[in-house]
1. Starting from residues that are acidic (Asp, Glu) and over 14 Å from residue 35 (Cβ atoms), keep the ones in the stretch 58-86 and report whichever is surrounded by the fewest Cβ atoms within 10 Å (Cβ to Cβ).
2. Would you please name the residue that is modelled with the highest pLDDT, looking only at residues in the stretch 5-32 that are more than 23 Å from residue 86 (Cα to Cα) and small (Gly, Ala, Ser)?
3. Tell me the residue from 63, 89 that is in contact with a Ser or Thr (Cβ under 8 Å, 6 or more places away or on another chain), at pLDDT 95 or above and among the hydrophobic types (A, V, I, L, M, F, W, C), please.
4. I need the full set of residues from the stretch 11-38 which are touching a residue at least 24 places away in the same chain (Cβ under 8 Å), of a type in the set (Ser, Thr, Tyr) and surrounded by fewer than 15 Cβ atoms within 10 Å (Cβ to Cβ), in order please.
5. Across the stretch 66-79, what is the number of residues that are closer than 17 Å to residue 12 by Cβ and touching a Ser or Thr at 6+ places or on another chain (Cβ under 9 Å)?
6. Any residue at all in the stretch 82-94 that is assigned to a helix (DSSP H, G or I) and aromatic (Phe, Trp, Tyr)?
7. Of the residues 73, 2, only one is at pLDDT below 90 and outside any helix (DSSP H, G or I); which?
8. Could you figure out which of (1) in contact with a Leu (Cβ under 7 Å, 6 or more places away or on another chain); (2) modelled with pLDDT of 95 or more isn't true of residue 35?
Amino acid sequence: METTPNYQDKYGKPVTGAEYERLTRDRKYCTIKESKVASYRVSTVWLGPPFWELAMLKNFETAVFDEDDRPVEGYTYETIEEAERGHEAIVQQWIKKVSI
């Protein structure tokens with residue numbers, strides 16, 4: 001199996017172009033975590049193709065959506081570990097926000 005550093009899975013492991021394409025189309029694979037806070041949905045996903053934000057490579061995003069599924073807030077991360085921690089932190093922030 002030939003791999004190239006241009007294609008990586010959500011854990012940073014090199015994969016073939018065909019495997020990468022399959023993974024980026026798999027919604028379940030791309031979803032890191034989903035949480036509900038009152039009428040808001042907090043979703044953390046692997047973006048697939050990384051993008052640059054303020055000169056840093058970002059592979060993951062957490063977004064908060066309102067009851068009409070419109071994005072309210074968003075955060076990006078480099079690693080899956082950062083994304084998992086960030087998701088939990090944002091859930092806790094929103095629990096506090098909606099409790100006020």
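The values are calculated or read from the model by the stated rules, or taken from the named source; none is laboratory data. Just so it is clear, the model here is predicted, and its values are computed rather than measured. Heads up, the Cβs are rebuilt from the backbone with ideal geometry, glycines too, and the neighbour counts pull from every protein chain shown.
1. Residues of the stretch 58-86 that are acidic (Asp, Glu), as a first pass: 61, 66-69, 73, 78, 81-82, 84.
Narrowing further to those that are over 14 Å from residue 35 (Cβ atoms): 61, 66-69, 78, 81-82.
Working: 61: 20, 66: 12, 67: 9, 68: 6, 69: 8, 78: 15, 81: 11, 82: 16.
In this case the residue turns out to be 68.
2. The first filter runs over the stretch 5-32 and keeps only residues more than 23 Å from residue 86 (Cα to Cα), leaving 5-7, 14-22, 25.
This time we only want the ones that are small (Gly, Ala, Ser), so: 17-18.
Details: 17: 88, 18: 92.
Per the stated criteria, the residue is 18.
3. Working: 89 fails: in contact with a Ser or Thr (Cβ under 8 Å, 6 or more places away or on another chain).
It is 63.
4. 11
5. Going residue by residue through the stretch 66-79, those that are closer than 17 Å to residue 12 by Cβ are 76-79.
So of that shortlist, the ones also touching a Ser or Thr at 6+ places or on another chain (Cβ under 9 Å) come out as 76-77.
So the count comes out to 2.
6. Of all residues in the stretch 82-94, those assigned to a helix (DSSP H, G or I) come to 82-94.
Add one more test, that the residue is aromatic (Phe, Trp, Tyr), and what stays is 94.
There is at least one residue in the stretch 82-94 that is assigned to a helix (DSSP H, G or I) and aromatic (Phe, Trp, Tyr).
7. Working: 73 fails: at pLDDT below 90.
Of 73, 2, the one residue that is at pLDDT below 90 and outside any helix (DSSP H, G or I) is 2.
8. (1)
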